[in-house]
1. Determine which single condition ALA255 fails, assuming it passes every other condition in (1) over 19 Å from the mean Cα position of the chain (by Cα); (2) surrounded by fewer than 18 Cβ atoms within 10 Å (Cβ to Cβ).
2. Kindly provide the set of residues from the range 363-381 that are acidic (Asp, Glu) and modelled with pLDDT under 90, ordered by number.
3. Of all residues being touching a helix residue (DSSP H, G or I) at 6+ places or on another chain (Cβ under 6 Å) and either free of Cβ contacts under 8 Å to residues at least 60 places away in the same chain or among the β-branched types (Val, Ile, Thr) (or both) in the range 1-30, which is surrounded by the most Cβ atoms within 10 Å (Cβ to Cβ)? Just the residue, please.
4. Which of (1) modelled with pLDDT under 85; (2) open to solvent by less than 60 Å² (accessible area, probe 1.4 Å) does PHE148 not meet, given it meets every other one?
5. Restricting to the range 88-104, what's the tally of residues that are assigned to a helix (DSSP H, G or I), touching a Gly at 6+ places or on another chain (Cβ under 9 Å) and open to solvent by less than 20 Å² (accessible area, probe 1.4 Å)?
6. Which residue out of ALA117, ALA134, ALA112 is closer than 22 Å to THR264 by Cβ, of a type in the set (A, V, I, L, M, F, W, C) and modelled with pLDDT under 80?
7. If we only count helices (runs of 4 or more DSSP H) wholly inside the range 237-349, which ones have 1 or more residues that are at pLDDT below 80?
8. When the range 34-72 is examined, which residues are found to be among the small types (Gly, Ala, Ser) and either touching a Phe, Trp or Tyr at 6+ places or on another chain (Cβ under 9 Å) or more than 19 Å from SER11 (Cα to Cα) (or both)?
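The values are calculated or read from the model by the stated rules, or taken from the named source; none is laboratory data. The structure presented is a predicted model; accordingly, all values stated were derived computationally and were not measured. Please note: Cβ atoms are built from the backbone with ideal geometry, for glycine as well, and neighbour counts cover all protein chains shown. For the accessible areas, the whole protein counts, side chains as well, though only heavy atoms, and no ligand, DNA or RNA atoms are used. Shrake-Rupley method; radii C 1.70, N 1.55, O 1.52, S 1.80 Å.
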Amino acid sequence: MNAFFAIVFASLLSRLGYQMARSPVLPTFAADLGALPELIGVVVAASTVTGVFFKLPAGALSDVLGRKRMMVLGALFFALPPFLYPLVHDAWSLIALRFVHGFATAIFSPVASAYVASLADTGRGARLGWFSSANDIGGTAGPLIGGFVLYFTASYAVTYLTVGVLGVLTFIVVLLLPDVDRAAAREAKSFAARAAEFRQGVAEVFRTPPILVAAGIEAVMYLGYGAFLGFLPIYAKNAGLNDAQIAIVLGAQLAVAMAAKPITGRVSDRLGRIPIIVIGLLLCAGALPLIFRSESLTAFGLGASLLGLGVGAVTPVTNALIADLASARRLGAAMGVFGTIWDIGEAAGPMIAGFLIGGLGYAGTFDVLAAVTVAAAVGVMALVRDPKTAAVDRDGV
């Protein structure tokens with residue numbers, strides 16, 4: 001339990017600082033450096049691109065080199081790059097620094113998930129639920145604190161130095177984490193042996209189609225969820241809501257998701273992963289068309305809460321499902337695949353929605369995204385056998 005609480009605290013700190021650096025500070029920083037809107041989009045996306053390319057190898061390397069060793073490396077990228085932001089004076093340098101800063105979550109996130117999943121087989125869903133909720137708390141508080149620091153100091157340098165301090169604290173906590181890897185992971189091995197083990201780990205994950213399907217579930221959910229985050233403010237403002245009311249709607253969605261994640265994770269430990277995931281996907285599919293037909297604050301709030309419940313059911317349980325499907329030796333590679341595919345879905349959602357809205361309008365666009373989500377729910381029932389149910393069948397319970 002000490003290891004679990006420590007990694008949850010480290011992850012919360014890391015997410016808090018990382019999101020402080022990202023929103024709402026980063027777009028305004030880029031604009032003040034003279035970046036046009038198109039280039040600001042590249043600035044914001046640069047760190048996500050790092051995750052797309054490096055989460056898989058980082059996760060797989062943690063299977064070979066050990067979880068703690070890789071998390072320490074990831075924590076270094078939380079601690080050091082923020083102190084370089086005050087030295088940036090043009091948009092292209094900012095893009096390069098954002099790409100480097102992206103190594104923090106690209107390395108740390110999948111390995112931390114694998115670390116939590118590997119603590120014990122029992123109660124895995126509940127632990128991952130609490131872990132995900134802690135990340136959400138950091139992700140929510142980060143932009144708020146970043147905005148307040150920038151507002152009261154009027155200084156990007158002070159804001160990013162604060163991010164750096166949080167990164168250093170994250171690094172210290174990670175250094176103090178207990179090393180829970182198997183002894184075999186710490187054995188002295190030649191470079192060739194480690195390289196072969198790395199290749200075998202990646203190949204084993206890709207030879208397990210249910211892992212790819214389970215990762216795809218999260219990506220499909222994030223197609224709709226990412227589009228929701230990108231276009232709700234615009235649609236809601238057109239419907240007559242003010243900025244404060246829009247913040248309430250987004251806050252309701254996030255609050256329900258954070259509250260639901262530990263509960264849905266624990267329920268999935270008892271009832272199985274697939275039923276909870278399917279219910280969560282169907283809740284998301286039902287919520288999206290409702291939200292983008294809403295005209296009052298009450299309707300927006302109810303729809304957003306329903307979406308939060310769906311997201312809170314899918315995310316931690318999908319993590320647990322992937323951990324169940326992967327062998328203990330390949331948890332890092334499996335979480336790396338999960339993170340990579342998740343990032344692709346998160347990045348693609350707003351872009352796909354942007355193209356569709358021009359031709360179909362908001363309601364039609366989110367009807368399409370809802371239909372894709374329903375198809376994913378059907379697909380997971382057809383293509384993935386629930387490891388929890390299979391275990392019960394084998395035991396004859």
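1. The number of the failed condition is (1).
2. Scanning the range 363-381 gives no hits.
3. Ranking the candidates gives ILE7 first.
4. It is condition (2) that PHE148 fails.
5. Going through the range 88-104, the residues assigned to a helix (DSSP H, G or I) turn out to be 91-101, 103-104.
Subsequent filtering for residues that are touching a Gly at 6+ places or on another chain (Cβ under 9 Å) retains 91, 103-104.
From what's left, open to solvent by less than 20 Å² (accessible area, probe 1.4 Å): 91, 104.
Summing the residues that are assigned to a helix (DSSP H, G or I), touching a Gly at 6+ places or on another chain (Cβ under 9 Å) and open to solvent by less than 20 Å² (accessible area, probe 1.4 Å) in the range 88-104 gives 2.
6. So the residue among ALA117, ALA134, ALA112 that is closer than 22 Å to THR264 by Cβ, of a type in the set (A, V, I, L, M, F, W, C) and modelled with pLDDT under 80 is ALA117.
7. Once the helices (runs of 4 or more DSSP H) in the range 237-349 are filtered for at least 1 residues that are at pLDDT below 80, what remains is 243-271, 297-325.
8. If we filter the range 34-72 for residues that are among the small types (Gly, Ala, Ser), which is where we start, we get 34-35, 41, 45-47, 51, 58-60, 62, 66.
Scanning the range 34-72 gives GLY34, ALA35, GLY41, ALA45, ALA46, SER47, GLY51, ALA58, GLY59, ALA60, SER62.
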